[in-house]
Amino acid sequence: MTTAQPARPSHAKRQKVSFIEPCADFNGYNLVRLPLLGHLYLGAILKRNGHDVRCYSENLRRVYHHRRGITEKRILESDAVGISIMTPTANRGYAIADAVRKANPKVRIIIGGSHATALPDEALRHADAVVTGEGESKILEAVNSDTKGIIRGERVQNLDDLPIVDLKLLQGFRPKLLRLTPIATSRGCPFDCSFCSVTQMFGRRYRFRSNELVLEELERRTKAGFTNFFFYDDNFAADKTRTKKLLEGMLRRNIHIYWACQARVDIARDDELLDLMRRTGCVTVALGVESVNPRTLVDYNKKQSVTDVVNCIVKLKAHEIRALCMFVMGSDSDTSLTVRETVRFLKRWKPRYAQFSILFPIPGTRFYDRMLREKRIWTRNWSLYDGSHVVTYPKNFTPIQLLDQVRWIWKQFYSMPWLTGYSVFRYFLWKWERINKKYLLYLPTVKTPKRLTQADALVAASERSA
Ligand code: SF4
């Protein structure tokens, strides 16, 4: 692994810096136009230190065209360009970096984000410097100096040290453009699900901003006319006492908003919390349901049961909060029976929304390491690592079977009589199929290697004889 070369003494010259959050070819964020916060925090820190900063979220405005190159002149005139990549946006991030370098070799290119943290050497092939982990502690060094190589970011111990994000840094930003305003109150997650990259990036210790500061940010935004918020926390109620105090603060200060968040199903164990959520304007909770197959929940190390999930959907309904159930299909314990049981579960418990991802190995996770070890990854085209493509050899399906089964669940769910989102779903499906014509032609030719099916047969035989 390459490490950072000694830095030249930093020069405090005011620099022109552009941050770019590349978009994936296809994901739900394109539709809801929800920018991530990472590059906005970095931009706010640099601005506070006197630099001239612009941020570009490709979920709002594209900055790169594969034939025309970089379409924003300001980016090519920058002293430094920072690109934040996750796995599905990595290829596009690299293409942007290469295009900037080709058009103006003097621009210093810095890459960060969860994918660069997991595979820094790969990212370094397209950048002068790669910042791993949380970049806030190192962004000034990365921009002010000529340090080349990998710069290791340190976790921000006190999140109150971070500035309040300035949404005006976002180019092309208009308040009406954002249907949801992003806000974050915490980082880290004490759980350790095998497929999730949150803990490698933010750690298992739950850190949070003081409620006082979060309330101040909410007040500032509501005064500016924002009313709909999305809490980006990976687990909004990891510390229920603290979350309840935050919500009580919203009531005390008359902060009237509508909001959505992500949480584990264990929020349903606290009626007082659910009551406060409803009274403060919570509309939707995205629940990490993952599966209705108990063996899959164990495979994922999810530490929850199907009964917990049912209890949560029922309780949320009773509190008039919509549940968005997020499933991850295709574990080694999933079969076509799991798929049918999932549909039965949805028909019975009727959550308001559901989302079905295909299990994919995110670099840096335990699941990725296992898939590598077992040689079960058939493509390293990162653009396909977005939960809507099969990129591994599943155990109980061929790749095309798994894709078809997941598409079948989507169709089954969004044609259920109590739902109204079928036309939106049809649009999604049409768009996805249009973008993925080649993939759809190729996938049926991807056959599970014999060594895997033979190994399965051996395991099945030994289980039978046991
Ligand atoms: S999936 Fe959710 S609960 Fe599990 S580790 Fe990730 S953030 Fe935590």
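The values are calculated or read from the model by the stated rules, or taken from the named source; none is laboratory data. Computed from a predicted model, the values in this text were never measured in an experiment. Virtual Cβ from ideal backbone geometry, glycine too; neighbours counted across all protein chains shown.
Selection over the stretch 96-124 of residues that are touching a residue at least 60 places away in the same chain (Cβ under 8 Å) and in a helix (DSSP H, G or I) gives a count of 8.
In the set A103, A90, only one residue is more than 20 Å from R187 (Cβ to Cβ) and surrounded by 22 or more Cβ atoms within 10 Å (Cβ to Cβ); that residue is A90. Checked against the criterion of being within 16 Å of the ligand (Cβ to nearest atom), outside the structural domain of E58 (by TED's automatic domain parsing), within 27 Å of S331 (Cα to Cα) and small (G, A, S), the stretch 176-190 has at least one qualifying residue.
One residue stands out in the stretch 153-175 among those that are among the basic types (K, R) and closer than 26 Å to S210 by Cα: the one that is nearest to the ligand (Cβ to nearest atom), namely R155. Among the residues of the stretch 176-193, at least one is assigned to a helix (DSSP H, G or I) and surrounded by fewer than 16 Cβ atoms within 10 Å (Cβ to Cβ). Scanning the stretch 135-155 for residues that are among the small types (G, A, S) and either under 19 Å from F19 (Cβ atoms) or touching a Phe, Trp or Tyr at 6+ places or on another chain (Cβ under 8 Å) (or both) yields G135, S137, A142, S145, G153.
Pairs are defined by a Cβ separation below 9 Å, a sequence spacing of at least 6 or placement on different chains, a first member in the stretch 197-209 that is at positive phi, and a second member that is within 8 Å of the ligand (Cβ to nearest atom) and in a loop (DSSP other than H, G, I, E, B); the pairs so defined are G203/C189.
Take the conditions (1) surrounded by fewer than 18 Cβ atoms within 10 Å (Cβ to Cβ); (2) over 20 Å from R344 (Cβ atoms); (3) not polar (S, T, N, Q); L324 misses just one of them, which is (2). Can you spot a residue in the stretch 246-253 that is within 15 Å of the ligand (Cβ to nearest atom) and touching a Cys at 6+ places or on another chain (Cβ under 9 Å)? No: zero hits.
Selection of the stretch 58-92 for residues being in a loop (DSSP other than H, G, I, E, B), among the polar types (S, T, N, Q) and modelled with pLDDT of 95 or more yields only S78.
Of everything listed in (1) surrounded by fewer than 17 Cβ atoms within 10 Å (Cβ to Cβ); (2) over 21 Å from the mean Cα position of the chain (by Cα), the single unmet condition for D369 is (2).
Going by the conditions given, is A238 within 29 Å of F367 (Cα to Cα) and part of a helix (DSSP H, G or I)? So A238 fails the test. One residue stands out in the stretch 376-411 among those that are touching a residue at least 60 places away in the same chain (Cβ under 8 Å) and among the basic types (K, R): the one that is nearest to T87 (Cα to Cα), namely R376.
On inspection, Y427 fails the criterion of being more than 27 Å from F202 (Cα to Cα) and touching a Lys or Arg at 6+ places or on another chain (Cβ under 6 Å). Checking the structure you have, find out if any residue of the stretch 259-270 is in contact with a Gly (Cβ under 6 Å, 6 or more places away or on another chain) and without any contact (Cβ under 8 Å) to a residue 60 or more places away in the chain. Within the stretch 259-270 (the criterion being in contact with a Gly (Cβ under 6 Å, 6 or more places away or on another chain) and without any contact (Cβ under 8 Å) to a residue 60 or more places away in the chain), the answer is yes, since at least one residue qualifies.
Residues of the stretch 57-85 that are in contact (Cβ under 8 Å) with a residue 40 or more places away in the chain and either in contact with a helix residue (DSSP H, G or I) (Cβ under 7 Å, 6 or more places away or on another chain) or among the small types (G, A, S) (or both): S57, L60, V63, Y64, I75, S78, A80, V81, G82, I83, S84, I85. Those residues that are surrounded by fewer than 20 Cβ atoms within 10 Å (Cβ to Cβ) and farther than 18 Å from A80 by Cβ, I need them from the stretch 130-158; list them, please. Within the stretch 130-158, R152, E154, R155, V156, Q157, N158 qualify. Given the structure, is T296 under 28 Å from I377 (Cα atoms), in contact (Cβ under 8 Å) with a residue 12 or more places away in the chain, out of contact with any Asp or Glu (no Cβ under 9 Å at 6 or more places or on another chain) and in a helix (DSSP H, G or I)? Against the criterion (under 28 Å from I377 (Cα atoms), in contact (Cβ under 8 Å) with a residue 12 or more places away in the chain, out of contact with any Asp or Glu (no Cβ under 9 Å at 6 or more places or on another chain) and in a helix (DSSP H, G or I)), T296 does not qualify.
Condition test on A127, is it surrounded by 19 or more Cβ atoms within 10 Å (Cβ to Cβ), in a helix (DSSP H, G or I) and not acidic (D, E)? So A127 fails the test. Within the stretch 210-244, if we keep just the residues that are aliphatic (A, V, I, L, M) and touching a residue at least 40 places away in the same chain (Cβ under 8 Å), the residue that is farthest from the ligand (Cβ to nearest atom) turns out to be A224. Being under 19 Å from the mean Cα position of the chain (by Cα) and not in a loop (DSSP other than H, G, I, E, B) is a property that holds for T284. Just so you know, in the stretch 194-231 the residues that are within 15 Å of the chain's Cα centre (by Cα) and among the aromatic types (F, W, Y) include one that is surrounded by the most Cβ atoms within 10 Å (Cβ to Cβ), and it is F231.
Based on what the data block shows, is R179 closer than 30 Å to F367 by Cβ and among the charged types (D, E, K, R)? Criteria not met by R179. Taking the conditions (1) surrounded by fewer than 21 Cβ atoms within 10 Å (Cβ to Cβ); (2) at pLDDT below 95; (3) among the acidic types (D, E) in turn, D234 satisfies each one other than (1).
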